[in-house]
1. For residues in the range 144-181 being among the basic types (K, R) and in a helix (DSSP H, G or I), which is most open to solvent (accessible area, probe 1.4 Å)?
2. Starting from residues that are in contact with a helix residue (DSSP H, G or I) (Cβ under 9 Å, 6 or more places away or on another chain) and open to solvent by less than 80 Å² (accessible area, probe 1.4 Å), keep the ones in the range 208-221 and report whichever is farthest from K197 (Cα to Cα).
3. Taking the range 224-251 as the search range and keeping residues that are over 15 Å from the mean Cα position of the chain (by Cα) and not in a helix (DSSP H, G or I), which one is surrounded by the most Cβ atoms within 10 Å (Cβ to Cβ)?
4. Scan the range 1-30 residue by residue and report those that are more than 23 Å from Y157 (Cβ to Cβ) and modelled with pLDDT of 80 or more.
5. Which of the residues that make up the range 54-66 are surrounded by fewer than 18 Cβ atoms within 10 Å (Cβ to Cβ) and not aliphatic (A, V, I, L, M)?
6. Let me spell it out: the conditions are (1) touching a residue at least 12 places away in the same chain (Cβ under 8 Å); (2) surrounded by fewer than 17 Cβ atoms within 10 Å (Cβ to Cβ); (3) not in a helix (DSSP H, G or I), and G184 meets all of them except one. Which number is the exception?
7. Residue under question is N28, and the condition is that it be at positive phi and not small (G, A, S); does it hold?
8. Checking N218 against (1) in contact with a Leu (Cβ under 6 Å, 6 or more places away or on another chain); (2) without any contact (Cβ under 8 Å) to a residue 12 or more places away in the chain, only one condition comes out false. Which one?
Amino acid sequence: MSQDSILSVTIPPLIPFKLMDEYRDFINPELREVVQANCLRRYLEGAIDLLLKDKLKNLANISEDEWRKSQLDDKIILVKNHIDRDVANKYFKIKNTGNKGAHYGKRFTSNEIRIAVNYAVNIFEDLLVVYFKKNKVGTEPQLLTLLSSLPPVKRVYILEKVWQHDKGNLMIIDKLSMAYLKSGEYQRSLKFLETVKGDIGETYYEDFVWKIENLQKNLHRFEISKSNDDVARVFNILKEDEYFTKYPEFTNMFCVLVSGYNYK
């Protein structure tokens, strides 16, 4: 496959297989907006259950029965108190849009749907952002191999947000510049390195530019993930490593993502 064809592939969002029906519904332009909104709420409920239930039960010290009886509002408040306030605010916006779709006479705009959809399709990535804000990039280097199994454009989304939180981190700068390149943005990669040159110094800048230029010449040699099936294929190999059990919070999120996509 040529470099151009590798980089021109449309990358689907990182949607857990179990939530694909809800996803297909809320992005379906043929459905009425009230139906799309209702599906957004169902998707959010499923995502919280799949990705956060065990962690929230442990952090909040609640039983399975208490969790099952909790309303969606209660679960989002737990996210706010124990996970991340910004993530919880996004969940409230998705829920509020979904609520309008569930009640006759409630009105909302197409822009509300658009914003809620954007938040919904980035739920997985946002949780990885939260993880790396709390666990400095580079302190658990094995996990960066797992992160690299994601399509580059998804890595860009994650690393840009983490970099804003930790701009002096050389590992983030290195990984983000490569993610730009592998997502088809060679010039953006070089411009990014130029913007941080004053912070990282001439030596690191030249080393990173050299790496990017050499990667650009050999990009056709690399396997670049383009779908959840690709992520699952890589994860099936990496999960045999000891870090699969050493960092359960991180790897469990990937297990949820790839389950159903040829994950063994």
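1. K161
2. Per the criteria, the residue is L219.
3. Out of the qualifying residues, it is I224.
4. Scanning the range 1-30 gives D21, D25, N28, P29, E30.
5. D54, K57, N58, N61, S63, E64, D65, E66
6. Unmet for G184, out of (1) touching a residue at least 12 places away in the same chain (Cβ under 8 Å); (2) surrounded by fewer than 17 Cβ atoms within 10 Å (Cβ to Cβ); (3) not in a helix (DSSP H, G or I): (2).
7. Against the criterion (at positive phi and not small (G, A, S)), N28 does not qualify.
8. Unmet condition: (1).
The values are calculated or read from the model by the stated rules, or taken from the named source; none is laboratory data. Predicted model only: the values in this text are computed from it and were never measured. Using ideal geometry, Cβ is built from the backbone for each residue, glycine included, and neighbour counts are taken over all protein chains shown. To get the accessible areas, we keep the full protein, side chains included, count just its heavy atoms, and leave off ligands, DNA and RNA. Shrake-Rupley method; radii C 1.70, N 1.55, O 1.52, S 1.80 Å.
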